[in-house]
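Participant: This structure is in structure tokens; I'll ask about it shortly.
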Amino acid sequence: MADRVTVIGWDGSPPTEAARAALGAATFVAGAAHHLALPEIPPAAERVRLGSVALAARRIAAHRGTAVVLADGDPGFFGVVRTLRAPEFGLEVEVVPAVSPVAAAFARAGMPWDDAQVVVAHRRTLRRAVNVCRAHTKVAVLTSPGAGPAELGLLMEGVHRTFVICEELGTEHEQVTVVTSDKAADHTWRDPNVVIVVGGRAAVAEDGGWIAGRDPGAGPRGWVQPDEAYAEPGGLGEGETQLLRAAQLARLGPRVGDLVWDIGCGSGALATEAARAGAAVIAVDRLPEACARTETAARRFGVQLQVVHGTAPHVLENLPEPDVVRVGGGGAAVVSAVADRRPQRIVTHAATRDEAELVGRGLTEHGYQVECALLQSVELDTRAWRETERNVAFLLSGVLVDRAP
């Protein structure tokens with residue numbers, strides 16, 4: 001086993017004294033091609049191109065001597081340190097940090113970044129990274145080949161953002177370019193790059209906030225808000241009452257990285273509350289006044305969402321793939337069309353048992369595990385403890401077991 005493993009971050013600056021000392025004593029050095037060309041590496045040291053970090057860790061574990069791993073940026077921030085410290089390798093790791101690409105990118109852009117989300121995009125996580133960019137006003141994306149600025153821009157269709165694209169940070173070829181998201185696919189970008197995605201309505205405290213990223217305490221307390229917060233003008237629909245919304249949101253479980261469809265968004269109450277949970281939201285309604293109310297609710301609560309005017313199921317054909325869906329209107333036909341898109345969860349409601357059975361059978365035929373509950377809520381005037389309003393609805397939820405949780 002290697003006597004010592006030192007991980008050195010590289011940001012284009014000359015190596016620090018600690019880095020030079022570690023390199024000078026190294027008998028095994030792993031890194032990218034530009035790392036292995038550093039003059040500080042002893043000529044007799046074994047040099048290995050760093051591809052698979054796990055493979056390199058196994059070779060280091062079998063090496064007798066002093067090993068150094070060179071990595072771009074801060075190797076402890078979405079970097080190689082996590083893999084090298086895995087118990088299966090049994091390595092003792094020391095780290096010489098450098099400026100992370102995210103910090104460098106925001107510095108080049110002259111922007112603060114304590115209020116930014118940071119995501120990693122590769123082929124497997126690209127869609128979730130895009131959903132974070134849809135839902136938040138400032139996001140740094142660490143890209144990879146096949147999941148870069150062009151792909152981000154293509155998947156951001158319908159949402160306007162500005163991209164600050166930082167290519168080959170720390171090298172003599174470093175370049176910073178500002179484009180709108182719809183133009184990003186018109187260029188070829190050099191790897192590695194970091195994309196800062198900005199736009200939408202910022203909701204940051206004047207003192208810069210108290211926690212990195214999105215403030216979980218922003219806005220009023222409560223997962224759902226009172227009906228009165230959305231009731232004017234026009235009132236709430238039968239599927240929008242506070243307790244039914246709470247049950248629907250609990251079944252959907254929207255979270256950061258998800259894309260939520262809210263079909264028949266009405267007042268925008270559920271769409272807004274799903275967005276407050278950190279999810280990306282597309283709210284759909286056939287009525288222009290409902291679309292306008294939803295946009296107003298989003299502005300009031302300081303969240304990002306996309307509103308699409310059109311009639312389901314036809315308008316759904318060109319929308320990006322959802323993770324979870326609330327069907328607030330359209331009945332069994334719309335639920336069936338949504339199930340064809342295979343979201344992880346679908347939630348809807350029915351006014352009668354016959355309607356609930358029809359929807360439930362459709363979900364079952366599409367392979368969903370179906371649950372149904374009869375919900376009854378009774379509002380009381382607490383001054384006289386008299387009933388003031390009663391609401392009854394069948395709550396249906398379908399879970400696609402092969403995509404759970």
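The values are calculated or read from the model by the stated rules, or taken from the named source; none is laboratory data. What you see is a predicted model; the values in this text were computed from it and never measured. Cβ sites come from the backbone with ideal geometry, for glycine too, and all protein chains shown count toward neighbours. Just the protein is used for accessible areas: all its heavy atoms, side chains included, with ligands, DNA and RNA removed. Shrake-Rupley method; radii C 1.70, N 1.55, O 1.52, S 1.80 Å.
Participant: If you check VAL359, VAL327, which single one turns out to be within 30 Å of the chain's Cα centre (by Cα), among the hydrophobic types (A, V, I, L, M, F, W, C) and modelled with pLDDT of 95 or more?
Facilitator: Going through VAL359, VAL327 in turn, just one is within 30 Å of the chain's Cα centre (by Cα), among the hydrophobic types (A, V, I, L, M, F, W, C) and modelled with pLDDT of 95 or more: VAL327.
Participant: Continuing with the same structure: Working carefully through the options LEU142, LEU169, LEU152, find the one that is under 29 Å from ALA33 (Cα atoms), touching a Pro at 6+ places or on another chain (Cβ under 6 Å) and surrounded by 15 or more Cβ atoms within 10 Å (Cβ to Cβ).
Facilitator: LEU169
Participant: Just checking, how many residues over the stretch 68-85 are open to solvent by less than 20 Å² (accessible area, probe 1.4 Å) and in a loop (DSSP other than H, G, I, E, B)?
Facilitator: So the answer is 3.
Participant: Considering the stretch 42-55 alone, what residues qualify as being in contact with a Gly (Cβ under 9 Å, 6 or more places away or on another chain) and in a loop (DSSP other than H, G, I, E, B)?
Facilitator: Hits for the stretch 42-55 are PRO42, ALA45, LEU50.
Participant: Further question: Out of the residues in the stretch 101-112 that are touching a residue at least 40 places away in the same chain (Cβ under 8 Å) and outside any helix (DSSP H, G or I), which is most open to solvent (accessible area, probe 1.4 Å)? Spell out the reasoning first.
Facilitator: Taking the stretch 101-112 as the starting set, the residues that turn out to be touching a residue at least 40 places away in the same chain (Cβ under 8 Å) are 101-102, 104-106, 108-109, 111-112.
Keeping just the survivors that are outside any helix (DSSP H, G or I) gives 111-112.
On the way: MET111: 53, PRO112: 81 Å².
Going through the qualifying residues, I end up with PRO112.
Participant: Is at least one residue of the stretch 37-51 within 11 Å of THR6 (Cα to Cα) and touching a Ser or Thr at 6+ places or on another chain (Cβ under 9 Å)?
Facilitator: Within the stretch 37-51, none of the residues are within 11 Å of THR6 (Cα to Cα) and touching a Ser or Thr at 6+ places or on another chain (Cβ under 9 Å).
Participant: Here are some residues: ALA67, ALA30, ALA22, ALA18. Which one is farther than 21 Å from VAL99 by Cα and in contact (Cβ under 8 Å) with a residue 12 or more places away in the chain?
Facilitator: The unique qualifying residue is ALA67.
Participant: Give the number of residues within the stretch 253-290 that are within 15 Å of GLY200 (Cβ to Cβ) and either open to solvent by 10 Å² or more (accessible area, probe 1.4 Å) or free of Cβ contacts under 8 Å to residues at least 24 places away in the same chain (or both).
Facilitator: The total comes to 1.
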